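Let me begin by presenting the structure, written as structure tokens, before commenting on it.
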Amino acid sequence: MSRIAQRFQQLQDSKRTALIPFITAGDPTPQITVPLMQAMVSAGADVIELGVPFSDPMADGPVIQRATERALAQGVSLTAVLEMVRQFREHDGTTPVVLMGYLNPIEVMGYAQFAQQAAAAGVDGALIVDLPPEEGHDLIALMKAQGLDLVYLLAPTSTAARIKLIGDVASGFVYYVSVKGVTGAGHLDTAAVAAQVGAIKSLIPLPVGVGFGIKDAETAAKVAQVADAVIVGSAIVSQIETLAATPERIPDTIGNFLAELRQAIDAVDCSVTSRAAE
Amino acid sequence: MAIHADKNPNHPVENPPNPPLLKGGFSSSPVEKDTSSSPPFEKGGQGGISDFSNYTLPDEHGHFGVYGGMFVPETLMHPLEELRLAYAACCADPNFQAELDADLRDYVGRPSPLYHAERWSRELGGAQIYLKREDLNHTGAHKVNNTVGQALLAKRMGKTRIIAETGAGQHGVASATVAARLGLECVVYMGEVDVARQEANVYRMRLLGATVVPVKSGSRTLKDALNEAMRDWVTNIDNTFYIIGTVAGPHPYPMLVRDFQAVIGREARAQMLERTGRLPDALVACVGGGSNAIGLFYPFLNDREVAIYGVEAAGDGIETGHHAAPLTAGRPGVLHGNRTYLMEDANGQIIETHSISAGLDYPGVGPEHAWLKDSGRASYDAITDAEALAAFHHLTRTEGIIPALESSHALAYAHKLARTLRPDQNILVNLSGRGDKDMHTVASLDGLVL
């Protein structure tokens, strides 16, 4: 069982919702990324999504675009991101790390080499934003051979047929994009999300994480009522942006923010669990 | 080079009762008859690949060999499928084709003339040069062929809002134009750098009622405008139609833009046959994203005796690294929804391009060109800023035609090519746009501020 599957199994056994923070590797400096990952784990992160910077992040909103530009200005490459994961793994053997990024840096590295080096560095899976299953056969096979999970996005526009198609190749968990738009966009319609998460779960057996539009403890709590995982990206990255000049303050600040979210999510989990017990 | 007279008895004449629609693109009624009675596509023959006799690419997933495809976020997969189905339905609908043909004739001004640049040809002292005058279209470039078609498609799909990306501004103007005519809201994304160097076109778009949004991310040029338009589309998918201006992007865009632009080549093929009694010896067109080039090339792909040349922007020179020539000096990768040749660094980051012409200043290229290059059916070369400028002035002074700087790259290449050919051979050049929009750029090189 993969590290991601194990983690979701533990969460399910203890009836808890996962908290999955996203940061862009190397933002604002390469040196801060590993300490930040460690601080997020201490604050209650269950899985870490690590963004691999790409020059043309067409699915990302302005907050994550700027994070990407900060990281690229520091020369952060896919190889450098894998090295960060390797360093993180020296002290943390259990928290899953999922890379999130675009295909081209992987194309240039070479599929086989990427799969092999990512596994060797301690990466657990990847969400390649612009690689739908239809185009991904070769890379999917190589990643699976290395024991890596393939995490996919599902959108409000995904039809039942597409959800099933993605369910056939996805592993670990799926990431439901809760609003039509780019990362950091819009407000959340919890009822609509609940309905769609239910529809997804009726079609595929994987845990469903929900992201896009989760800004604070309140929205995190709402999503925790309906999802297996709460995914938070832009809300973290915008705080990193305001601290870009003082990176040493980032791990504590983000740790505190995640602790608030963790508390809000746990409160929901408790009430759901106790209601279920009654 | 082999020369084929019209109605060569050695070739069975293919004359289908209805012109092929989906794969062959749309016909244009003024030249339809001529085109369908022209010699059929030659089978086998010389060249690097075995069979161009039955060209049907892309496949159903939008692949041209290993290129093309649909490399997009999940949020766009369903809208692209809707677009594919809507386009297929339009292709099968004679009313759609009739409406398109009428628009191309009455609004765009098609067919565009074929002009024998006799004086320029004589000065060059080689082959005869014929210009396909896309510069005489409404709005001054080939771009409008595509926007007219996509706008009709948008209307059929019930969309009320048009978005577009633009580099030089020609596609933005062409989109704003058709949006004004159909009463659709129009938002054009344009890199901040391009907004500054194409002021006149920005003003034209605003006059036409479009909102021009300067894009401040990345290199602030065409590629970033494309990213921003994609983001808008993802967000406003319900009411918005994205008019992509070139033969790049995810399937079905490279196919449908090609089909709409193929009117250029269909007309030119018939016009050359009528004028000279045979097919041209060579085609030349500039390639940024590559829509004017594919529009000219596509109806000739099966004519193996016709040599095909695409001309990229060599900027300051390929060796300087300051250029926009992915086919000449790049390598395959994935950007903007398709696999194609790209300008990228060793880590797969897209690098900034340079060309004097904003319309060629793009780090990728349409996937069909990538495939035509690898297959050997077309050859790609690059022309520097300086060479393009020289051709710009040369054509202006000898023929009284001021070409766009983009088209000037094709002219500069034709100049070189003509000198290697005999005076009884013919080169067909796509004069894709007029140079009015480039007055500021050219004047500033002469030290003038307009």
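The values are calculated or read from the model by the stated rules, or taken from the named source; none is laboratory data. Being a predicted model, the structure only gives us computed values, none of them experimental. So basically every Cβ, Gly included, is an ideal-geometry build from the backbone, and we count neighbours across all protein chains shown.
For region A:143-157, the candidate set comprises residues that are within 13 Å of chain B (Cβ to nearest Cβ) and buried (at least 23 other Cβ atoms within 10 Å of the Cβ); within that set, the residue that is modelled with the lowest pLDDT is A:155.
So, residue B:352, is that one surrounded by fewer than 21 Cβ atoms within 10 Å (Cβ to Cβ), among the charged types (D, E, K, R) and within 14 Å of another protein chain (Cβ to nearest Cβ) or not? Considered against the rule, which asks whether it is surrounded by fewer than 21 Cβ atoms within 10 Å (Cβ to Cβ), among the charged types (D, E, K, R) and within 14 Å of another protein chain (Cβ to nearest Cβ), residue B:352 comes out as yes.
Only one of the numbered conditions (1) in contact with a Lys or Arg (Cβ under 7 Å, 6 or more places away or on another chain); (2) surrounded by fewer than 22 Cβ atoms within 10 Å (Cβ to Cβ); (3) free of Cβ contacts under 8 Å to residues at least 40 places away in the same chain is violated by residue B:301, and that is (3).
In region B:196-220, the qualifying residues are those that are aliphatic (A, V, I, L, M) and under 12 Å from residue B:170 (Cα atoms), and the one that is surrounded by the fewest Cβ atoms within 10 Å (Cβ to Cβ) is B:200. Only residues that are under 13 Å from the mean Cα position of the chain (by Cα), away from chain B (no Cβ under 11 Å) and hydrophobic (A, V, I, L, M, F, W, C) were counted across region A:41-63, and they come to 4. Are any residues in region B:378-402 without any contact (Cβ under 8 Å) to a residue 40 or more places away in the chain and either polar (S, T, N, Q) or touching a Ser or Thr at 6+ places or on another chain (Cβ under 6 Å) (or both), and if so, which ones? Of everything in region B:378-402, those that are without any contact (Cβ under 8 Å) to a residue 40 or more places away in the chain and either polar (S, T, N, Q) or touching a Ser or Thr at 6+ places or on another chain (Cβ under 6 Å) (or both) turn out to be B:391, B:396, B:402.
Quick grid of which residues meet (1) within 14 Å of another protein chain (Cβ to nearest Cβ); (2) surrounded by fewer than 16 Cβ atoms within 10 Å (Cβ to Cβ); (3) out of contact with any helix residue (DSSP H, G or I) (no Cβ under 8 Å at 6 or more places or on another chain):
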position	(1), (2), (3)
A:105	yes, no, no
A:110	yes, yes, yes
A:135	yes, no, yes
A:161	yes, yes, yes
A:174	yes, no, no
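Once region B:361-377 is narrowed to residues that are touching a helix residue (DSSP H, G or I) at 6+ places or on another chain (Cβ under 9 Å) and over 11 Å from residue B:326 (Cα atoms), the residue that is farthest from the other protein chains (Cβ to nearest Cβ) is B:377.
There is no residue in region A:79-97 that is in contact (Cβ under 8 Å) with a residue 24 or more places away in the chain, under 19 Å from the mean Cα position of the chain (by Cα), crowded, with 22+ Cβ neighbours inside 10 Å and facing chain B (nearest Cβ under 8 Å). Note on region B:141-258: enclosed helices (runs of 4 or more DSSP H) holding 3 or more residues that are within 14 Å of chain A (Cβ to nearest Cβ) and within 26 Å of residue A:72 (Cα to Cα) are B:222-235. For residue B:193, the test of being buried (at least 20 other Cβ atoms within 10 Å of the Cβ) and without any contact (Cβ under 8 Å) to a residue 60 or more places away in the chain is passed. Highlighted here are the helices (runs of 4 or more DSSP H) found entirely within region A:56-127 that include at least 2 residues which are under 19 Å from residue A:171 (Cβ atoms): A:103-109, A:111-121. State yes or no: is residue B:334 more than 19 Å from the chain's Cα centre (by Cα), buried (at least 24 other Cβ atoms within 10 Å of the Cβ) and either at pLDDT 95 or above or not aliphatic (A, V, I, L, M) (or both)? Against the criterion (more than 19 Å from the chain's Cα centre (by Cα), buried (at least 24 other Cβ atoms within 10 Å of the Cβ) and either at pLDDT 95 or above or not aliphatic (A, V, I, L, M) (or both)), residue B:334 qualifies. Screening residue B:410 with (1) among the aliphatic types (A, V, I, L, M); (2) crowded, with 24+ Cβ neighbours inside 10 Å; (3) away from every other protein chain (no Cβ under 14 Å); (4) in a strand (DSSP E or B) gives one miss only, at (4).
Within the option set B:115, B:87, B:130, being at pLDDT 95 or above, crowded, with 22+ Cβ neighbours inside 10 Å, away from chain A (no Cβ under 14 Å) and touching a strand residue (DSSP E or B) at 6+ places or on another chain (Cβ under 8 Å) holds for one residue only, B:130.
Applying the condition of being of a type in the set (A, V, I, L, M, F, W, C) and not in a helix (DSSP H, G or I) to region B:56-84 and asking which residue is farthest from the other protein chains (Cβ to nearest Cβ) yields B:57. If the condition is being among the small types (Gly, Ala, Ser) and within 14 Å of chain A (Cβ to nearest Cβ), then region B:285-339 contributes B:330, B:333, B:337. Apart from one condition, residue A:140 fits all of (1) within 11 Å of chain B (Cβ to nearest Cβ); (2) free of Cβ contacts under 8 Å to residues at least 40 places away in the same chain; (3) within 20 Å of the chain's Cα centre (by Cα); the exception is (1).
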